[in-house]
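Encoded as structure tokens, the structure appears first; notes follow it.
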Amino acid sequence: MFSFFRNKANLVYLHDIFLTAICFNLSIFLRLGSEFNSISSTVIGYGTLLITVVGAIVYRATGLYKGIWRYASINDLINIIKASSMTIAAFLVLMFTITRLENFPRSVLFINWFVLILSLSGARAIYRLYKDKKFVLGSIKNTENSIPTLLIGATDRAELFIREITRNNNQTYNVVGIVDINKNRVGRFIREVEILGSILEISKIIKTLEKENKRPQKILIANDDIEGNIVRNLLTFADKTGISLARLPKITDLESDLNDEKLKIKPIDVFDLLSRPQSLLDRNAMKNFIYNKKVLVTGAGGTIGTELCNQIINCNPKEIILLDNSEYFLYQIEKDLEEKNIKIKINSYLADVKDTKRIDDIFKEKKPEIVFHAAALKHVPIVEKNPIAGILTNVLGTINIAESCKKHGALEMVLISTDKAVNPFSVMGVTKRISEKYCQSITNTTKTNFKIVRFGNVLGSTGSVVPLFQKQLENGGPLTVTHPKMKRYFMTVREAVELVIQSVALENKSNKGKIFVLEMGQPIAINEIAEQIIRLAGLRPYKDIKIKYIGLRAGEKIQEELHYKSEKFLKTKNKSIFIVKPKVESHQKLSKMITNLINLAKEGKIEECYKVMSIIVSEYKRNKVENLQYKRIVQ
């Protein structure tokens, strides 16, 4: 008995039943006024009892108590309207059956419907307003010990954050204003907090707030779509003004729990600095491309390969075949996929793409329909010092995969390429360009559809600059940059792989043998990344942590390119994906030259390999520049 009353939903239930009885009598009074007594007390009594019983049944049946008053919303109002309508309709039928509605004004039912909706919804609205501290005396927030905070972005996340700190009487933050990217919203309000201006006016806004004794001590980003260059500028601004910069929790965190723990802000990380607007993807096309097919991924344990496997398995392939030459990485990716508990067949093979017979045996056994070739040696200085390994892995390895696709009837082969293949300076770049040429030339000799996807650096990949800087920072510096003018294109591994799958899923037979180029945005200065990583740690570049320029290493370029000037650059239906159409060479002629290159590599004739690579890729310029020293530039 007592447990019934301890349940808040049951108390609300009793509250609504009581209100239903009151509303029925009130409706009669509103209709008849002083003539209220003209209706017999028996009719009123029967009516009150009947509508109360009907309401009690309908309210439970319609799930009116699944919602929480504190979060009463439009959906709750709709449910109340439905329940009230059903209650009045059922009451009308039963009352007519019992009394034929004699001496009972029919208009009472309409008044009762309106009053009932108003009462049930009004009680919930008042309770929510009370919890949101909208009209309770003394609920004005004490901001003396709160951190004056400026929000970036007039978004749902900003609204939720303001609502939660108000609702929970959280004294940590006092939102003094909002800055937005959209100028049209300036002067408007979100929960009584004004949108003060655009992000370009932030310096002026800070000065205005300072005059009003509201100078923010913290800037919180509330917009997920804000571009990396804006975040970098904000971080620089925050560093100069002594204001800390952070990001609001995800909207799912703000919605999922009301504990203050969920309101903790998140630090800005390097991915925020280099982020870009989310690309619009045709996920149905991506899934249809993979669905119920046998998919093989080479280099499955690498950065790109791992992400490929994770996204492919979400598209429900018939089977996923993992191929890698590292026992540890192969074990790791197989384990990660198995932990997803997806009922998809997973097979792993420890194999080297240079091993022609082993690769052929695997293809003969598994007969994959789609092949993503991500296995490669990619670290420019390492490959420059080990050119034979680079030639055999990147060129021979690609040929082995391509020929196996052709021989065993694969539908699609996707070569993962790099911007370093354009006007290459390095062995790594020229070997990838040779791989591109081979896949283009072979496409007209087979039913297999060969496609190439070319993009720049992937954030956080093994050997990339970001983890190197982070490790150097942990060790107290200095952060080493090769050249003060060095720039690179960057993309998160998730976005890169999404666009790879999206590219090859584009349905167009004329795309056979084409090179897809991912839109990488603007190249970013490497020394700027170093400076921002130092700032993220709360330190000052060149003062607390030094940046040392060590000179270009062999094979490195100041800035990479995504396509040759001679290549036709065509748009696709996805603005983040382009197609280039380079000249396709004779497969027979190219194969002879590449076979010669591989034989020379196997014989260890390095200098002759350089000469042959220069013939195959005439744009290749061998760069022997090493250890060029540059004076530290203090900005």
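The values are calculated or read from the model by the stated rules, or taken from the named source; none is laboratory data. These figures come from a predicted structure and were not determined experimentally. Methodologically, a virtual Cβ is constructed for each residue, glycine included, from the backbone with ideal geometry; neighbour enumeration extends over all protein chains shown.
Could you run through the stretch 443-466 and say how many residues are out of contact with any Ser or Thr (no Cβ under 8 Å at 6 or more places or on another chain) and not in a loop (DSSP other than H, G, I, E, B)? Walk me through how you get there before you give the answer.
As a first pass, look at the stretch 443-466 and keep what is out of contact with any Ser or Thr (no Cβ under 8 Å at 6 or more places or on another chain): 443-448, 463-466.
Checking which are not in a loop (DSSP other than H, G, I, E, B) leaves us with 443-445, 465-466.
The total comes to 5.
Results for (1) without any contact (Cβ under 8 Å) to a residue 24 or more places away in the chain; (2) farther than 14 Å from ALA402 by Cβ, shown as yes or no for each residue.
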{"site": "MET428", "(1), (2)": "no, yes"}
{"site": "TYR438", "(1), (2)": "no, no"}
{"site": "ASN444", "(1), (2)": "no, no"}
{"site": "PHE455", "(1), (2)": "no, yes"}
{"site": "VAL458", "(1), (2)": "no, yes"}
{"site": "SER464", "(1), (2)": "yes, yes"}
{"site": "PHE469", "(1), (2)": "no, yes"}
{"site": "LEU473", "(1), (2)": "no, yes"}
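Answer yes or no: is there a residue in the stretch 296-311 that is surrounded by fewer than 19 Cβ atoms within 10 Å (Cβ to Cβ) and either modelled with pLDDT of 90 or more or within 28 Å of VAL500 (Cβ to Cβ) (or both).
Our first condition is that a residue be surrounded by fewer than 19 Cβ atoms within 10 Å (Cβ to Cβ); within the stretch 296-311, this holds for 310-311.
Checking the rest, the ones that are also either modelled with pLDDT of 90 or more or within 28 Å of VAL500 (Cβ to Cβ) (or both) come to 310-311.
Taking every residue of the stretch 296-311 in turn, at least one turns out to be surrounded by fewer than 19 Cβ atoms within 10 Å (Cβ to Cβ) and either modelled with pLDDT of 90 or more or within 28 Å of VAL500 (Cβ to Cβ) (or both).
Any residue at all in the stretch 192-209 that's part of a loop (DSSP other than H, G, I, E, B), in contact (Cβ under 8 Å) with a residue 24 or more places away in the chain and not polar (S, T, N, Q)? Within the stretch 192-209, none of the residues are part of a loop (DSSP other than H, G, I, E, B), in contact (Cβ under 8 Å) with a residue 24 or more places away in the chain and not polar (S, T, N, Q).
Between PHE363, PHE372, the distinction of being part of a helix (DSSP H, G or I), surrounded by 18 or more Cβ atoms within 10 Å (Cβ to Cβ) and modelled with pLDDT of 95 or more belongs to PHE363 only. In this structure, is ILE226 touching a Ser or Thr at 6+ places or on another chain (Cβ under 9 Å) and either modelled with pLDDT under 80 or over 30 Å from ALA376 (Cα atoms) (or both)? It is true that ILE226 is touching a Ser or Thr at 6+ places or on another chain (Cβ under 9 Å) and either modelled with pLDDT under 80 or over 30 Å from ALA376 (Cα atoms) (or both).
The single residue among LEU101, LEU137 that is at pLDDT below 80, within 17 Å of PHE24 (Cα to Cα), hydrophobic (A, V, I, L, M, F, W, C) and outside any helix (DSSP H, G or I) turns out to be LEU101.
When you go through ILE401, ILE382 one by one, which is the residue that is surrounded by 20 or more Cβ atoms within 10 Å (Cβ to Cβ), assigned by TED's automatic domain parsing to the domain that holds LYS345, part of a helix (DSSP H, G or I) and of a type outside the set (S, T, N, Q)? Result of the check over ILE401, ILE382: ILE401.
Can you report the number of residues in the stretch 312-334 which are in a helix (DSSP H, G or I) and buried (at least 23 other Cβ atoms within 10 Å of the Cβ)?
To start, the set of residues in the stretch 312-334 that are in a helix (DSSP H, G or I) comprises 312-313, 327-334.
Of the ones still in play, those that are also buried (at least 23 other Cβ atoms within 10 Å of the Cβ) are 312, 333.
The qualifying residues number 2.
Inside the stretch 530-616, counting only strands (runs of 3 or more DSSP E) that do not spill past its ends, which hold 3 or more residues that are at pLDDT 85 or above? Give the steps one after another, and end with the answer.
Values: elements: 547-549, 568-571, 577-581.
Correct list: 547-549.
Condition check ((1) surrounded by 14 or more Cβ atoms within 10 Å (Cβ to Cβ); (2) at positive phi; (3) touching a helix residue (DSSP H, G or I) at 6+ places or on another chain (Cβ under 6 Å)) across all residues:
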position: GLY153; (1), (2), (3): yes, yes, no
position: LEU160; (1), (2), (3): yes, no, yes
position: ASN174; (1), (2), (3): yes, no, no
position: ASP180; (1), (2), (3): yes, no, no
position: LYS183; (1), (2), (3): no, no, no
position: GLY187; (1), (2), (3): no, yes, no
position: ARG191; (1), (2), (3): yes, yes, yes
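May I ask you to verify whether PRO424 is outside any helix (DSSP H, G or I) and modelled with pLDDT under 95? When the stated conditions are applied, PRO424 passes them.
Here ASN347 passes the criteria (1) part of a strand (DSSP E or B); (2) buried (at least 18 other Cβ atoms within 10 Å of the Cβ) except the one numbered (2). Being farther than 23 Å from GLN522 by Cβ, crowded, with 16+ Cβ neighbours inside 10 Å and of a type in the set (Lys, Arg) is the requirement here; does LYS204 meet it? Criteria not met by LYS204.
Please pick out the residue among ILE615, ILE515, ILE550 that is surrounded by fewer than 15 Cβ atoms within 10 Å (Cβ to Cβ) and in contact with a Ser or Thr (Cβ under 8 Å, 6 or more places away or on another chain).
Working: ILE615 fails: in contact with a Ser or Thr (Cβ under 8 Å, 6 or more places away or on another chain); ILE515 fails: surrounded by fewer than 15 Cβ atoms within 10 Å (Cβ to Cβ).
After applying the criteria, what remains is ILE550.
The single condition among (1) more than 23 Å from LYS557 (Cβ to Cβ); (2) in contact with a Phe, Trp or Tyr (Cβ under 9 Å, 6 or more places away or on another chain) that LEU415 does not satisfy is (1). So for the stretch 453-469 (the condition being more than 30 Å from PRO541 (Cβ to Cβ), buried (at least 22 other Cβ atoms within 10 Å of the Cβ) and either touching a Gly at 6+ places or on another chain (Cβ under 9 Å) or not aliphatic (A, V, I, L, M) (or both)), does at least one residue qualify? Yes: the stretch 453-469 contains one or more residues that are more than 30 Å from PRO541 (Cβ to Cβ), buried (at least 22 other Cβ atoms within 10 Å of the Cβ) and either touching a Gly at 6+ places or on another chain (Cβ under 9 Å) or not aliphatic (A, V, I, L, M) (or both). Just one residue in the set LEU377, LEU396, LEU392, LEU337 is among the aliphatic types (A, V, I, L, M) and assigned to a loop (DSSP other than H, G, I, E, B); that residue is LEU377.
Let's see how each residue does on (1) under 21 Å from VAL430 (Cβ atoms); (2) touching a residue at least 40 places away in the same chain (Cβ under 8 Å):
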| site | (1), (2) |
| --- | --- |
| PHE329 | no, no |
| GLU334 | no, no |
| LYS340 | no, no |
| VAL353 | yes, yes |
| ASP360 | no, yes |
| PHE363 | no, yes |
| LYS366 | no, yes |
